[in-house]
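The values are calculated or read from the model by the stated rules, or taken from the named source; none is laboratory data. Predicted model only: the values in this text are computed from it and were never measured. For neighbour counting, all protein chains shown are included, and Cβ atoms are generated from backbone atoms with ideal geometry for every residue, glycine included. Heads up: the accessible areas ignore ligands, DNA and RNA and are worked out on the full protein's heavy atoms, side chains in. Shrake-Rupley method; radii C 1.70, N 1.55, O 1.52, S 1.80 Å.
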Amino acid sequence: MNARRVTIKDVALKANVSKATVSYVLNDVDKVSEETKQRVLNAIEELGYVPSTTARALAKNTSKPIEEKQKTPMKETLPFYPDFIDSFIQNKVGKVPSEIKNKMVRTIGEWGYIPSNVLNQIIEPRKTVIAVFMEMDRDLRYSIQQENPFYQEFLASVERAVQEFNLGIRVYNTNDFNQYEDIFISHDFLGVIVIGKLPVHLSLKLMQMELPVVVVDEYQYNKAFITITSDDKRGAFDSIEYLILRGHKKIAFVGCGEEMGNFIDKRIAGYKEALEAYRLPVSNNHIYLSEVAYSYEEGIRIASRIAAAPYTYDAVFCTSDIMAIGLMKGLMKLGYRVPEDISIMGFDNIQFSKYSNPELTTVDQNIFLKAETAVTLIRRKAKGDHVKEEYILPVSIVERESVSNRTNQERQ
């Protein structure tokens, strides 16, 4: 009976190390100290260990050097082997650089499988950072993030979502065109999230990168990127319908121009369709758009425009909560009572909407779900899993105190 062939496990026990350490020494992976390496080599010599691939070469009694035969024995004996390895790597760990793939191929060729602890060591350092791009105002020393709490809540939600997967984020300014090259050279990102308007320069740069890119609240219609939006048109339609069914007939629309995000087009369309559905007059004269930003201060300024307009409104639909809160403040300063004289409705459901006086009735677009979906899609795309090009998330109305029910007043 033939003597039992010495295995890699025997070498590991003899050298008092793990099988992974023995594999590193055999494959010349620079993760083992010189002292440990020498101990493993001594054990190999004492036990007469011959790696399995080498043993097969000796059995064939070929004249080619052992090292040369070790490189491709599986490819020679099994024609489907390269396809099998590619499929395994794709399904288990997604796309990986060729250097890491080669290490995995060598380990599978040696052991026939990859232990989980070895797999983790091979693929380290893995990509652990998601880049988040958003517009920041360089002149005023504060950004949209500080003007509109929606962005604060979105970023906080992204951070909560990435922590679950031991990831991190870095926030960059979409306006820093000259910094794009340095940013992507200096960091190896898992993926990129862009909040709001996507500048052409950044779009072109991202199209050159082989990275998962998720654009939030901007309708790109670009197959290179994944888009996530709320159901903006439905949210606006439902809001106007909600106001109409509570007896409001003269409803103004407040928002920002398209340069602040092209989702505004969907919300304007929903506003107009709801008025048409209930046979109420539709006019662009009742649409008030800021060219500055979605901010509290801009809401106050638009309040003055509405008060000075040659129209009398009984309700205003505002496409941003922070702007709606500013609008309420501005109108109350001008002597209006909310909601007795005029009802105000927002869109976002930021935390501040619960603390305004009166509390703001609004459209909830589930900010955390939007952030969590963005992170999840980046992780799936990075692993090579299939994702859609566009995701539209549901919205719902949150009733609070800023909308009156005029149908009750009419009965009285």
**OP:** State all residues of the range 324-362 that are of a type in the set (Lys, Arg) and either in contact with a Leu (Cβ under 7 Å, 6 or more places away or on another chain) or under 18 Å from Ile397 (Cα atoms) (or both); if no residue qualifies, say none.
**Re:** Lys354
**OP:** Scan (1) open to solvent by 20 Å² or more (accessible area, probe 1.4 Å); (2) without any contact (Cβ under 8 Å) to a residue 60 or more places away in the chain; (3) within 17 Å of Ile350 (Cα to Cα) for the single condition Tyr296 breaks and write down its number.
**Re:** (2)
Original post:
In the range 381-391, which residues are surrounded by fewer than 16 Cβ atoms within 10 Å (Cβ to Cβ) and either without any contact (Cβ under 8 Å) to a residue 40 or more places away in the chain or not in a loop (DSSP other than H, G, I, E, B) (or both)?
Top reply: His386, Glu390
Original post:
Of all residues in the range 358-376 being in a helix (DSSP H, G or I) and open to solvent by less than 10 Å² (accessible area, probe 1.4 Å), which is farthest from Ile325 (Cα to Cα)?
Top reply: Val375
Original post:
Taking the range 277-293 only, how many residues are under 30 Å from Tyr151 (Cα atoms) and either open to solvent by less than 60 Å² (accessible area, probe 1.4 Å) or in contact with a Cys (Cβ under 6 Å, 6 or more places away or on another chain) (or both)?
Top reply: 6
Subject >> Sole exception among (1) surrounded by fewer than 17 Cβ atoms within 10 Å (Cβ to Cβ); (2) touching a helix residue (DSSP H, G or I) at 6+ places or on another chain (Cβ under 8 Å); (3) at pLDDT below 85 for Glu46, by number >> reply: (3)
Original post:
Which one of Glu218, Glu259, Glu273, Glu210 is farther than 25 Å from Lys370 by Cα, acidic (Asp, Glu) and surrounded by fewer than 21 Cβ atoms within 10 Å (Cβ to Cβ)?
Top reply: Glu273
Subject >> Test result for Arg267, basic (Lys, Arg), surrounded by fewer than 20 Cβ atoms within 10 Å (Cβ to Cβ) and in contact with a helix residue (DSSP H, G or I) (Cβ under 7 Å, 6 or more places away or on another chain) >> reply: no
Original post:
Among all residue pairs at least 6 apart or on different chains, which show Cβ distances below 7 Å where the first residue, located in the range 225-239, is within 16 Å of Leu369 (Cα to Cα) and the second is β-branched (Val, Ile, Thr) and open to solvent by 40 Å² or more (accessible area, probe 1.4 Å)?
Top reply: Thr229/Ile392; Asp231/Ile392
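Counting only residues that are modelled with pLDDT of 85 or more, give me the helices (runs of 4 or more DSSP H) lying completely in the range 121-230 with at least 1 of them.
Output list reads 149-163, 180-186, 200-208.
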Original post:
Out of all the residues in the range 392-412, which are in a loop (DSSP other than H, G, I, E, B), open to solvent by 60 Å² or more (accessible area, probe 1.4 Å), farther than 18 Å from Asp231 by Cα and not polar (S, T, N, Q)?
Top reply: Glu399, Glu401
Subject >> Residue in the range 164-175 that is nearest to the chain's Cα centre (by Cα), counting only those that are open to solvent by less than 40 Å² (accessible area, probe 1.4 Å) and not aliphatic (A, V, I, L, M) >> reply: Gly168
**OP:** Name, by its number, the condition in (1) in contact with a strand residue (DSSP E or B) (Cβ under 9 Å, 6 or more places away or on another chain); (2) farther than 25 Å from Leu155 by Cβ; (3) charged (D, E, K, R) that does not hold for Lys233.
**Re:** (1)
